[in-house]
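First up is the structure itself, then whatever we jot down about it.
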Amino acid sequence: MNLIHYYRQQFIELTAQFEQVWEEDSQYKFGFLWRLQGTTPYKEIFHMTQTGQEPLYLMYAIELPESYKRTNISDVIKSVASDYELSMYVFSSKIMLTSCISIEYLQQTSLGFIHHARAELIDLVFSVIQQVDYEIV
């Protein structure tokens, strides 16, 4: 069993015990991908990927609605110190925040990583400030 399959099995076992709301996308072709099946307005995604001789990477992502484009979220993401690689992707109808780590630096289980990354990203989301356009009269 190679490393990515070991971590996949670990994640499956952990979510079966503690968070049964993750659904694996069997069509994903670049490793393994799960989506959180919940009732929150935010979509959560977790995936594992490994290419060639590169180390295995774990990534947690949260999709935010387009309304976050009118906040200072990009400034918040740029200024935060994190144990993970944080990124922000802007699409026409959403923003995606990602938290990524190589397993070379991982100090917890895959589910532990998700919980820590989720807490960190949610803290960032709730610290953003809505930007207001003031009209000059």
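The values are calculated or read from the model by the stated rules, or taken from the named source; none is laboratory data. Computed from a prediction, not measured in an experiment: that's the story for all the values here. Using ideal geometry, Cβ is built from the backbone for each residue, glycine included, and neighbour counts are taken over all protein chains shown.
Please state which of the following conditions ARG70 fails to meet, knowing it meets all the rest: (1) under 18 Å from VAL128 (Cβ atoms); (2) touching a strand residue (DSSP E or B) at 6+ places or on another chain (Cβ under 7 Å); (3) surrounded by 12 or more Cβ atoms within 10 Å (Cβ to Cβ); (4) free of Cβ contacts under 8 Å to residues at least 40 places away in the same chain. Single failed check for ARG70: (4). Would you call THR40 under 20 Å from VAL128 (Cα atoms), at pLDDT below 90 and surrounded by 16 or more Cβ atoms within 10 Å (Cβ to Cβ)? Spelling it out, it is not the case that THR40 is under 20 Å from VAL128 (Cα atoms), at pLDDT below 90 and surrounded by 16 or more Cβ atoms within 10 Å (Cβ to Cβ).
So in segment 2-24, with the set limited to residues that are assigned to a helix (DSSP H, G or I) and among the hydrophobic types (A, V, I, L, M, F, W, C), which one is modelled with the lowest pLDDT? Reasoning before the result, please.
So the first thing to find is which residues in segment 2-24 are assigned to a helix (DSSP H, G or I), and the list is 3-18.
Remaining after also requiring among the hydrophobic types (A, V, I, L, M, F, W, C): 3-4, 11-12, 14, 16, 18.
Working: LEU3: 88, ILE4: 92, PHE11: 95, ILE12: 95, LEU14: 94, ALA16: 94, PHE18: 93.
Residue satisfying both the conditions and the ranking: LEU3.
Here segment 6-17 is the region considered, the condition is being surrounded by 12 or more Cβ atoms within 10 Å (Cβ to Cβ) and not polar (S, T, N, Q), and the residue that is nearest to LEU106 (Cα to Cα) is TYR7.
When you look at SER82, is it among the polar types (S, T, N, Q), closer than 30 Å to ILE129 by Cβ and surrounded by 16 or more Cβ atoms within 10 Å (Cβ to Cβ), yes or no? Against the criterion (among the polar types (S, T, N, Q), closer than 30 Å to ILE129 by Cβ and surrounded by 16 or more Cβ atoms within 10 Å (Cβ to Cβ)), SER82 does not qualify. Search segment 1-31 for residues being touching a strand residue (DSSP E or B) at 6+ places or on another chain (Cβ under 8 Å) and touching a residue at least 40 places away in the same chain (Cβ under 8 Å), and hand back the single one that is farthest from PRO55 (Cα to Cα). Step by step, filter segment 1-31, then rank; the result is THR15. All conditions in (1) within 20 Å of LEU124 (Cβ to Cβ); (2) free of Cβ contacts under 8 Å to residues at least 24 places away in the same chain hold for LEU58, with the sole exception of (2). State whether one or more residues within segment 111-131 are basic (Lys, Arg) and within 17 Å of TRP34 (Cβ to Cβ). Looking for residues that are basic (Lys, Arg) and within 17 Å of TRP34 (Cβ to Cβ), one finds at least one in segment 111-131, hence yes.
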